[in-house]
Amino acid sequence: MNSYRRKVREATAGFGRGSFSGWRSFREGIKSAPKPTRIFGPEKHKYMVNRVLEYLKDWRGSPFQHEGACRAGIRSALCMAGHSWDAADKEAYLVVSDALSIMGAVRPTWEEAQGHYTVSSDYCSWCRSPVPDEDLVRGSRFCAVSCATSAITRRSYETWASNDRIGKSAYNLIAKSRAHPKACKFCGKEFRSRYEKAEFCSNSCSGSFQAGESYLVEVDCAWCGDNFKPQRREQRFCCHSCQGYSRQAEYRAEMAEVRRSCASCQTEFMPTEERNIYCSNRCASLEAKKAYRARNRKTHDLICELCGDRFESKMPWAKFCCREHKRAADSLARSAKAIDNVVYLTAKDFDRAFTHEKSVSKEDALAVIIDRLFA
């Protein structure tokens with residue numbers, strides 16, 4: 001009973017009293033909203049979509065030119081037939097939307113419906129004049145502050161600036177015009193910014209300053225000799241490939257007279273790297289396999305029954321240290337085995353069995369021979 005009360009308390013926590021206490025939803029569950037009843041059946045709906053499609057296809061400026069008229073006409077006819085305004089509007093919306101989807105009409109976004117959407121980013125969004133290169137690099141869409149102010153005055157960018165890139169550009173340009181000029185901390189160029197703590201005119205200057213760089217003159221690559229502009233003070237090569245080739249050449253020059261003995265086969269070789277201790281990949285693989293077996297295999301210390309030497313084997317029942325000793329032991333065992341159950345019969349035995357008594361029959365003579373064999 002206590003667990004049941006606790007369950008009720010947890011289910012009804014946070015609810016009020018009376019009809020809003022949550023007791024009915026706890027006992028009977030939350031009932032889903034009833035599905036809206038459709039006025040047109042499947043066949044009638046398909047017929048209406050085809051009829052509306054004939055009117056929607058006859059457009060000049062936009063595929064949505066007759067959308068409002070068709071929806072209003074269908075809604076009015078259904079209301080005159082006795083249906084409620086809400087049900088008639090929903091049915092008209094379903095018919096028109098299905099017809100538009102069959103046409104393949106895609107509704108444009110708010111920004112695509114504005115006049116400046118078709119204007120290239122190289123031209124001012126207000127007067128259509130070319131934007132200066134300096135402002136164009138910073139992402140500005142206006143050629144002057146007056147154009148940005150006019151755009152703000154005409155359109156309510158205060159509420160749309162978070163969703164409209166043109167509005168953001170206008171606000172940024174006006175804020176920069178009100179700011180005091182500053183000198184870039186890296187290149188010394190004068191600039192304006194809407195942020196008071198800004199110290200650099202661009203992201204490239206900021207990144208270069210953080211990397212500890214300054215103005216660098218062009219130099220020749222230490223490997224290929226090509227002229228390039230370094231990005232760091234200590235940069236000597238134009239690319240990573242030249243740097244790698246130079247390191248290989250320096251190391252080979254240092255290790256030209258160095259010789260080592262392979263740790264596996266004891267062959268003398270010239271190492272290509274400081275850490276090389278094997279002459280080839282084969283020797284390295286063999287030593288790796290030996291080390292793996294030594295780490296993961298349990299061996300037993302045994303004595304060979306033939307030579308008496310100690311040897312290791314993972315099989316505790318092993319008796320010999322190698323296959324040659326096992327074969328030699330088997331050969332000795334076969335030669336030393338006594339053969340005492342063989343009876344050799346000669347011609348005299350057969351003659352004596354058949355001729356020592358004339359009265360003995362052949363059958364009795366064979367019986368004597370068989371008894372002698374198995375005696």
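What follows draws every value from the coordinates through simple rules; no lab data is involved. These numbers were taken from a predicted model, which means no experiment stands behind them. Cβ sites come from the backbone with ideal geometry, for glycine too, and all protein chains shown count toward neighbours.
Can you compute 3J(HN,Hα) from phi for each residue in segment 68-80, using the Karplus curve 6.51 cos²θ - 1.76 cosθ + 1.60 with θ = phi - 60°, rounded to whole Hz and x for Gly and Pro?
3J(HN,Hα) across segment 68-80, in whole Hz: x, 5, 5, 5, 5, x, 5, 5, 5, 5, 5, 5, 5.
Once phi is turned into θ = phi - 60°, what whole-Hz ³J(HN,Hα) does the Karplus curve with 6.51, -1.76 and 1.60 give for every residue of segment 173-180, x standing for Gly and Pro?
5, 5, 5, 5, 5, 7, 7, 7
Put a dot 7 Å past each Cα toward the Cβ at Ser76 and Ser261; how far apart are the dots in nm?
With each label placed 7 Å out from Cα toward Cβ, I get 10.8 nm.
Return the long-range amide H neighbours of Tyr123 (sequence gap of 5 or more, or a different chain), with a cut-off of under 5 Å between placed amide H atoms.
Val131
Please report Ile39, Ile74, Ile102 as a ranked list, fewest other C-beta atoms within 10 angstrom at the top and most at the bottom.
Values: Ile39 20, Ile74 23, Ile102 14.
Fewest-to-most ranking of Ile39, Ile74, Ile102: Ile102, Ile39, Ile74.
Quick check on the exposure proxy: order Met255, Met48, Met270, Met80 from fewest to most C-beta atoms within 10 angstrom.
So the residues, fewest neighbours to most, are Met80, Met270, Met255, Met48.
Short version: ³J(HN,Hα) in whole Hz for each residue of segment 274-288, in order, from phi by Karplus 6.51 cos²θ - 1.76 cosθ + 1.60 (θ = phi - 60°), x for Gly and Pro, what are they?
My calculation for segment 274-288 gives 5, 8, 5, 10, 10, 7, 8, 5, 5, 5, 5, 5, 4, 5, 5 Hz in order.
Can you tell me the length gained on complete extension of the stretch Asn276 to Ser206, counting 0.36 nm per residue apart and subtracting the Cα distance?
Gain on extension, Asn276 to Ser206, equals 20.8 nm.
What is the gain in length, in nm to one decimal, between Trp59 and Gln243 on full extension, counting 0.36 nm per residue of separation less the C-alpha to C-alpha distance?
Here the answer is 59.7 nm.
If you add up the charges near Ala179, with Lys and Arg at +1 and Asp and Glu at -1, over every other residue whose beta carbon is less than 10 angstrom from its beta carbon, what do you get?
+4
How far apart, in nanometres, would the label points at Ala294 and Ala69 be if each is projected 7 angstrom from Cα along the Cα-to-Cβ direction?
Computed distance between label sites Ala294 and Ala69 equals 9.4 nm.
Which of Lys176, Lys46, Lys298 has the fewest other C-beta atoms within 10 Å, and how do the rest follow up to the most?
Going from sparsest to densest Cβ surroundings: Lys298, Lys46, Lys176.
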